[in-house]
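To start, the structure itself, in structure tokens.
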Amino acid sequence: MNKTIRDIFTKFAVKLCSDSGSGCLFQPPTNEYSYILTAKHVVEGITPVWAVYGHTHDVNQGEIHSEDIYLHPTKDAALIKISRVNNLPKLKPSYPKEREGGYLLQGYPDCRKEGHNQYRANEVTIINPETESGHIEIEIRPIPILSEVKGMSGGGIIKGLDSDNYLLAGIQEKMVTENELQGRALVMPIIFFDEIIKLNPTLASLSALSIPSDELELLIKVESIFLQWTVLPIECQEAIFLLRQLKESIGKEKPSNMRYKKDELFKVLIMAINAYSQKALDPKNKSMNEAIQNNITELMDLYRK
């Protein structure tokens, strides 16, 4: 991994100043505040929360104090609302696939508490993207012993795409068992943190995490392109139907269902592009041909993203 990209990972890492634990900075689609995502057992019973972020070699990028701590009623997820942290790289929720690599578990293990370099990142592989409990199961490499992982609870599972864009699969909760010998751990997907907001009516004004603003913009753009035409090819009508289903499903369904619907949408999108291409061959209306060609270009750009 590019050293610059790896170094930027530390900008998301939060050292929670409780007895033990880590967290992950996340910017929801709002300019008013940011979130720390962590494990409930790390912060339960602690008010206010005091934390530092970007802590490496005894230097902090910033300090955080917050009394806005929200706990999941049944799962080990905690959401902390904090003052906005500016200039965070873009971190988007992801829905990883089985055996997918390239992710890092990052945090502040207890075994490094007294050292100068307290931050650590371990490579992980996705073993099971959706267990029966709804968790993601990962394999940590090199295989750690339990004492080396203690304190990493609440750390983010992050993948770098480039120096400006990162994916967040979830937040590390615990090892699969206390006697785990294969480096397997359980990760809470982003939907667990959205449930904190959905299950508490008093938090209705808070922004959800699993609705990336750029993804909604993409869906709206596709829809607007289709609706420019008074007579739509049947493929486009089907695409609009699937698109609206997808928009309604974002943040509500299991990640596996989300992936299926998005894949289906883009399959239909390709059919729609082909349908537009056929229309563009009609020599009767030059201006319409040019408009259709522009739409084809836009659709292809959207599909490639």
If a residue counts only when it is over 16 Å from the mean Cα position of the chain (by Cα) and under 27 Å from Pro48 (Cα atoms), which strands (runs of 3 or more DSSP E) contained entirely in segment 81-162 have at least 1 such residues? 103-107, 120-128
Test: Gly160 is touching a helix residue (DSSP H, G or I) at 6+ places or on another chain (Cβ under 9 Å) and over 30 Å from Glu67 (Cβ atoms): yes
I'm checking my understanding of the structure. Among residues of segment 152-197 that are out of contact with any Leu (no Cβ under 9 Å at 6 or more places or on another chain) and loosely packed, with under 14 Cβ neighbours inside 10 Å, which one is nearest to Pro73 (Cα to Cα)? Thr177
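Among the residues of segment 165-204, which ones are without any contact (Cβ under 8 Å) to a residue 60 or more places away in the chain and of a type in the set (A, V, I, L, M, F, W, C)?
Residues of segment 165-204 that are without any contact (Cβ under 8 Å) to a residue 60 or more places away in the chain, as a first pass: 170, 175-184, 186-187, 194, 198, 201-202, 204.
Met175, Val176, Leu181, Leu186, Val187, Ala204 - these are the residues of segment 165-204 that are without any contact (Cβ under 8 Å) to a residue 60 or more places away in the chain and of a type in the set (A, V, I, L, M, F, W, C).
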Which number in (1) loosely packed, with under 13 Cβ neighbours inside 10 Å; (2) farther than 24 Å from Glu195 by Cα; (3) not acidic (Asp, Glu) marks the one condition that Thr74 misses? (2)
Among the residues of segment 9-41 satisfying the criterion of being surrounded by fewer than 23 Cβ atoms within 10 Å (Cβ to Cβ) and of a type in the set (Val, Ile, Thr), which is nearest to Ile191 (Cα to Cα)? Thr30
Looking only at segment 136-160, and only at residues there that are over 15 Å from Glu173 (Cβ atoms) and aliphatic (A, V, I, L, M), the one that is modelled with the highest pLDDT: Ile158
Filter result for the condition that a residue is in contact with a Pro (Cβ under 7 Å, 6 or more places away or on another chain) and acidic (Asp, Glu), over Glu130, Glu139, Glu123: Glu130
I'm told Ser66 meets every condition in (1) over 18 Å from the mean Cα position of the chain (by Cα); (2) at pLDDT 85 or above; (3) surrounded by 15 or more Cβ atoms within 10 Å (Cβ to Cβ); (4) among the polar types (S, T, N, Q) except one. Can you identify the failing condition by its number? (2)
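The values are calculated or read from the model by the stated rules, or taken from the named source; none is laboratory data. Since we're looking at a predicted model, the values are computed, not measured. Neighbour counts run over all protein chains shown; Cβ positions are idealised from the backbone, glycine included.
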